[in-house]
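Asks: Handing you this structure, nothing more for now.
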Amino acid sequence: MTKKEAAEKIQELREEIRGHDQRYYVMSDPEISDQEYDRLMRELADLERQFPDLVSPDSPTQRVAGSAVSEFTAVRHAIPMLSLDNAYSAEELEAWLVRNRKLLAEARPSFIVEAKIDGVSAALVYRQGRFAQGATRGDGETGEDITANLRTVRNIPLALRGPDPAELLEVRGEIVIGKEDFKKLNASQKKAGAMIFANPRNAASGSLRQKDPKVTALRPLRFYLHSFGRIEGAPIKTHGEFLEAMDKLGLPTVSLRRYCRDENLLKETVVRMKDELALLPFEADGLVIKINERRLQDILATTAKSPRWAIAYKFESHQTTTKITDVIYSVGRTGIITPVAELEPAPCGGVVIKHASLHNFDEIKRLGIKIGDSVVVERAGEVIPKVIKTTSKSTKGRIAAVPKKCPSCGAAVTKEKEEEVAYRCSNTVDCPAQLKGILGHWASRNAMEIDGLGEAAIEQLVAKNLAKNAADLYCLKKNDFLGLELFADKKADNLLAQIEKSKAKPLSRLIFSLGIRHVGEKMARVLAEKFNELDRLTGASKEELETISEVGPIVAEAICGYFRDPKTKELVRRLKEAGLNMREPEHLSRSGHFAGKTVIFTGALSKLPRNEAEAIVRQMGGETASAVTRKVNLVVAGPGAGSKLKTAEKLGLTVIEENEFLKMAGLDSRFSSTSLATGRGNDKKGA
């Protein structure tokens, strides 16, 4: 694969992964399995290892994927809640052990193996033994304050046992609904004519997002902790010691856990514990293996997204056999047509499945699938399953052909290049299905950040023809929102205020919000800083764009093609008329510590998201980079820093820690509190 081909594939993977992150973490409506998600992440990580100069700070591999829900007050985690890497076989577990063995030299760890709870992550803060705050995981850096709702969870103690509580204790764990409780909940929902929940995890997630704690109190939620973020005044030497201490304080822990003195016992224990998972009163999708000794955890540290000292061990997926009754087509934000199999309802892993992903039309051809065939369907986790293979062919089976017209708008379906897998709707501006995705992207946190403009509101705006493009959002009146379901005066006023506030966002945010193919957050910043005004960018030639080191011919053509479109020109004209900012602000300082310097961040940052730290550098006159070269002036290294730190040391570059960086930026007083522990948690694959 050439570098140009790699750049295109990397951008495609990043976009796909971000879409799945949004569906999983924000919408609680995932459409692929954990294993398929992990495959995408591995493919992206492998490409970035082959082409390290294509790695960017906004890549899903560089940070924990995901976003905070805007309906609750934001809470920044003092220590990030990291996710876990996964192992699906004895060979992958052995590879993890070998890697750690090399890093630990002569030290030989013991292990704790716990059930991997399939719930919704939460962090509980106790001050002087009393429950003070509860938050969701959010994006790992910032969560949502759900203290009032968590107070209604019966097994969360409001005051801890013991005469001498820690000054501050933050524990992380999972909110779950038990298997039997879930059945009773759905029975009562059905009786009341209310929504039936797909699975316990989605029921728990929806319960925690209730604005009225009284509603949450009616749901049979339970909390089980698995780790801690911070402990002040109570040193912990081992993970086992921590769990025992929490039991004594009255905090709920998972009873299914085993201590293993060495690797041999660990391997035997993993095999034995598989059958025990089914006996748990709640859903568990595997095991979590942790190195027991805290001092060895500190040596291994973390990567940007995961602790090296822990891994999730997942067992084979649930499978069932059923029949394909039809194939329907979904349309994504970028117009990609995805085939989805409609199935004869069949039980699988505790739920009844009715749909399965077919991924793309090449996959249909590879599997030889026809409508009417009997197929094996695999379900890995609480998500839409996928078709694995056919078991018997129907004599009257129909081929699931590529649609000639978009199922949403009727426009022609095309393939841009013969070698591509994806078929797309050719209507890039006003296809309703794409429009919903476009408006959702426009309102998202890293774009124009319009809090309150969620999926339900967008669905109604599009259905009522109130928003045919992003510019229409700025023409909406209060009565337009009052005509939507669940909108009253205050909610309408708040959303209008958010829309008005978004007009002031810098040009870089506007460029990213437009959703131009191959233009992510970093590229949007590069373009904004280069051209400074939108008019200059829209008038730039392909040759002018290619003079920018970060812009290749594929990206340049995508940008030019987008702005050549008459519908884009009309959109830009209307956005100007609406009063949106079309300029990028000048750097705040050209004389600070970072003026004229190139800074690179490697390893995990505990107090700032990496994109925010990089923004500080740019605001103070500096530049950021993704690869270590002699042109780099300063390297900020955190826990888990690997090859980049080694390269920097070989080149004799200046290396500092995060606290020193904050001091240079004049932000050290903002982050004066410290912690003894490394945070960890999970939502999709957590510790």
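The values are calculated or read from the model by the stated rules, or taken from the named source; none is laboratory data. Given the structure is predicted, the values throughout are model-derived calculations rather than measurements. Heads up, the Cβs are rebuilt from the backbone with ideal geometry, glycines too, and the neighbour counts pull from every protein chain shown.
Asks: Looking only at segment 75-130, filter to residues that are hydrophobic (A, V, I, L, M, F, W, C), outside any strand (DSSP E or B) and surrounded by 20 or more Cβ atoms within 10 Å (Cβ to Cβ); which one of those is farthest from the chain's Cα centre (by Cα)?
Replies: Here the answer is Ile79.
Asks: Looking at (1) more than 30 Å from Glu141 (Cα to Cα); (2) surrounded by 16 or more Cβ atoms within 10 Å (Cβ to Cβ); (3) touching a Ser or Thr at 6+ places or on another chain (Cβ under 8 Å), can you tell me which one Ser330 breaks?
Replies: It is condition (2) that Ser330 fails.
Asks: Still on this structure, I have one more. Please specify each residue of segment 512-558 satisfying the condition of being touching a Leu at 6+ places or on another chain (Cβ under 8 Å) and on the phi > 0 side of the Ramachandran plot.
Replies: Once the filter is applied, which keeps residues that are touching a Leu at 6+ places or on another chain (Cβ under 8 Å) and on the phi > 0 side of the Ramachandran plot, segment 512-558 yields only Asn532.
Here's the yes/no breakdown for (1) of a type outside the set (Val, Ile, Thr); (2) out of contact with any helix residue (DSSP H, G or I) (no Cβ under 9 Å at 6 or more places or on another chain); (3) in the same structural domain as Glu363 (by TED's automatic domain parsing):
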position	(1), (2), (3)
Lys404	yes, yes, no
Thr414	no, yes, no
Lys417	yes, yes, no
Val421	no, no, no
Arg424	yes, yes, no
Thr428	no, no, no
Pro432	yes, no, no
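Asks: Turning to a different aspect of this structure: State yes or no: is Ala301 modelled with pLDDT under 95, out of contact with any helix residue (DSSP H, G or I) (no Cβ under 8 Å at 6 or more places or on another chain), in the same structural domain as Ser110 (by TED's automatic domain parsing) and within 26 Å of Phe223 (Cβ to Cβ)?
Replies: No, not satisfied.
Asks: Oh, and also: Considering only residues that are of a type in the set (A, V, I, L, M, F, W, C) and farther than 22 Å from Ala310 by Cα, look in segment 634-649 and name the one that is nearest to the chain's Cα centre (by Cα).
Replies: The extreme case among them is Val636.
Asks: Oh, and also: Just to check your reading of the model, which residue among Glu485, Glu570, Glu500 is part of a loop (DSSP other than H, G, I, E, B) and surrounded by fewer than 16 Cβ atoms within 10 Å (Cβ to Cβ)?
Replies: Matching residue, one of Glu485, Glu570, Glu500: Glu485.
Asks: Give segment 539-557 a look and list any residue that's assigned to a helix (DSSP H, G or I), touching a residue at least 24 places away in the same chain (Cβ under 8 Å) and buried (at least 17 other Cβ atoms within 10 Å of the Cβ), or say none.
Replies: Val555
Asks: Listed residues Arg517, Arg445, Arg509; which is assigned to a helix (DSSP H, G or I), closer than 29 Å to Pro60 by Cβ, touching a residue at least 24 places away in the same chain (Cβ under 8 Å) and of a type in the set (D, E, K, R)?
Replies: Only one candidate passes the filter, namely Arg509.
Asks: So, one more: Could you list, in sequence order, all residues of segment 131-163 that are free of Cβ contacts under 8 Å to residues at least 24 places away in the same chain, closer than 15 Å to Leu251 by Cβ and buried (at least 16 other Cβ atoms within 10 Å of the Cβ)?
Replies: Gly134
Asks: Only one residue in Val153, Val171 is out of contact with any Asp or Glu (no Cβ under 7 Å at 6 or more places or on another chain), assigned by TED's automatic domain parsing to the domain that holds Pro109, at pLDDT 85 or above and assigned to a loop (DSSP other than H, G, I, E, B), so which one is that?
Replies: The unique qualifying residue is Val153.
Asks: Find all pairs meeting these conditions: Cβ atoms under 6 angstrom apart; at least six residues apart or on different chains; first residue within segment 251-270 and crowded, with 16+ Cβ neighbours inside 10 Å; second residue among the basic types (Lys, Arg).
Replies: Close Cβ pairs satisfying both conditions: Thr269/Arg258.
Asks: Would you confirm, using the coordinates I've provided, whether Glu529 is among the acidic types (Asp, Glu), within 21 Å of Glu15 (Cβ to Cβ) and in a helix (DSSP H, G or I)?
Replies: So Glu529 does not fit the description; no.
Asks: Give the residue, chosen from Asp493, Asp472, that is out of contact with any Phe, Trp or Tyr (no Cβ under 8 Å at 6 or more places or on another chain), over 27 Å from Ser408 (Cβ atoms) and assigned to a helix (DSSP H, G or I).
Replies: Asp493
Asks: Within segment 31-60, work out how many residues are modelled with pLDDT under 85 and in a helix (DSSP H, G or I).
Replies: 8
Asks: Of all residues being surrounded by fewer than 19 Cβ atoms within 10 Å (Cβ to Cβ) and touching an Asp or Glu at 6+ places or on another chain (Cβ under 8 Å) in segment 333-352, which is farthest from His239 (Cα to Cα)? Just the residue, please.
Replies: Glu342
Asks: Of the conditions (1) in the same structural domain as Cys260 (by TED's automatic domain parsing); (2) buried (at least 16 other Cβ atoms within 10 Å of the Cβ); (3) out of contact with any Ser or Thr (no Cβ under 6 Å at 6 or more places or on another chain); (4) not basic (Lys, Arg), Asn292 satisfies every one except a single condition; which number is it?
Replies: Result: Asn292 fails condition (3) only.
Asks: Now a separate question. What's the number of the only condition in (1) without any contact (Cβ under 8 Å) to a residue 40 or more places away in the chain; (2) buried (at least 16 other Cβ atoms within 10 Å of the Cβ) that Lys415 fails to meet?
Replies: For Lys415, the exception is condition (2).
Asks: If you don't mind, another one. Kindly list the number of the only condition in (1) in contact with a helix residue (DSSP H, G or I) (Cβ under 9 Å, 6 or more places away or on another chain); (2) small (Gly, Ala, Ser); (3) in a helix (DSSP H, G or I) that fails for Ser408.
Replies: (3)
Asks: For segment 215-247: of the residues being in contact (Cβ under 8 Å) with a residue 60 or more places away in the chain and among the aromatic types (Phe, Trp, Tyr), which is surrounded by the most Cβ atoms within 10 Å (Cβ to Cβ)?
Replies: Taking the candidates together, the pick is Phe228.
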